[in-house]
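Notes follow once the structure below has been shown.
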Amino acid sequence: MFKAKLLVVGPSESGKTVLANFLADATETIGGDYSPTQGVRILEFECPNVNGNKGPGCEVELWDCGGDHKFESCWPAILKDSHGVILVFNPDIPSHLKEIEMWHSNFIQQQRLQGNQCLIIAHHKPGSGNDGENPDLSSALAKLTLVHSNLDEDPEDIRLEFIKYLRGIVSTLSESRDREEMSIIT
């Protein structure tokens, strides 16, 4: 079974914790009051059937990272040995479009992650009216997979998109392991 470390990053108040709890099937519920994540929360869960019934499953470490820049000194430690980044923003907050470029630069570009290791989620809060319209992203961000999330209206859609993303991560891990094994043999 593969083990994947995935980071959930993005601006404050974008819905990272709600999404992370949902994806991990965490029973912890967030009350009506907003409470910012301090540093990082790590949720661990298994996806035994990530590739259907073929191939190994995956143990997932979902690192829900606080969006406050005061934790920037922790980012190198958080990034260490990560396999992918899920960039979350709220498309209804105009400043988030500019902020996600900084998150992209620090967590994706500097780590030289491949496109299949990244997922952008435009997370719509309950009652915001998910119009599904794609935001005006920079050219670098536009190359990555963008999905819309509204847990009130289409919760299973985001779970399916996450599984699809996780399949790509598992495939990358499998290829990396195969290359490593071949280098030992030769």
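Pairs Lys143/Lys164; Lys98/Lys125; Lys125/Lys164; Lys70/Lys98: which exceed 21 Å Cα-Cα?
Lys125/Lys164
Summing +1 for each Lys or Arg and -1 for each Asp or Glu, what net charge is found among the other residues whose Cβ lies under 15 Å from the Cβ of Leu79?
With Lys, Arg at +1 and Asp, Glu at -1, the neighbours total -1.
Please compute the modelled spin-label separation between Lys3 and Asp92, points set 7 Å along Cα→Cβ, answer in nm with one decimal.
Simple spin-label model gives 3.9 nm for this pair.
Tell me the mean residue ellipticity at 222 nm calculated for the chain from its helices only (DSSP H runs of n ≥ 4, each -39500 (n - 2.57), averaged over every residue, nearest 500). Numbers along the way, then the final one.
Values: 5 runs with 59 residues, N = 186.
Mean residue ellipticity, 222 nm, calculated: -10000 deg cm²/dmol.
Quick one: pull the percentage of alpha-carbon pairs in the chain with a separation above 28 Å.
Cα-Cα pairs of the chain separated by over 28 Å account for 22 percent.
What is the extension gain from Ser105 to Glu181, computed as 0.36 nm multiplied by their sequence separation minus the C-alpha to C-alpha distance, in nm to one decimal?
Answer, rounded to one decimal: 24.1 nm.
What is the packing order of peptides 133-145, 77-89, taking the mean over residues of other C-beta atoms within 10 Å and listing the highest first?
Order by mean packing, descending: 77-89, 133-145.
Show the residues, 5+ positions off or on another chain, whose built amide H is closer than 5 Å to the amide H of Thr145.
The answer is Ile120.
With +1 on the Cβ of every Lys and Arg and -1 on the Cβ of every Asp and Glu, and nothing else charged, how large is the dipole of the chain about its Cα centre, in debye rounded to the nearest 20?
680 debye
Name the residues whose placed amide hydrogens come within less than 5 Å of the amide hydrogen of Ile93, ignoring near sequence neighbours (fewer than 5 apart) on the same chain.
Amide H neighbours of Ile93: none.
Take the Cα atoms of the stretch 94-186, build their convex hull, and give its volume per residue in Å³.
102 Å³
Would you mind checking the stretch 1-23 for residues with the amide N under 20 Å from a putative spin-label position 7 Å along Cα→C-beta of Glu44?
Residues passing the 20 Å test: 1-8, 20-23.
Would you mind getting me the FRET efficiency between Ala142 and Cys74? Use the beta-carbon distance for r and R0 = 30 Å, nearest 0.05. Write out the running numbers ahead of the final one.
Numbers: r = 29 Å, r/R0 = 0.96.
The calculated FRET efficiency here is 0.55.
Throughout, read-outs are computed from the coordinates displayed, never taken from laboratory work. For clarity, every value in this text was computed on a predicted model and none was experimentally measured. Please note: Cβ atoms are built from the backbone with ideal geometry, for glycine as well, and neighbour counts cover all protein chains shown.
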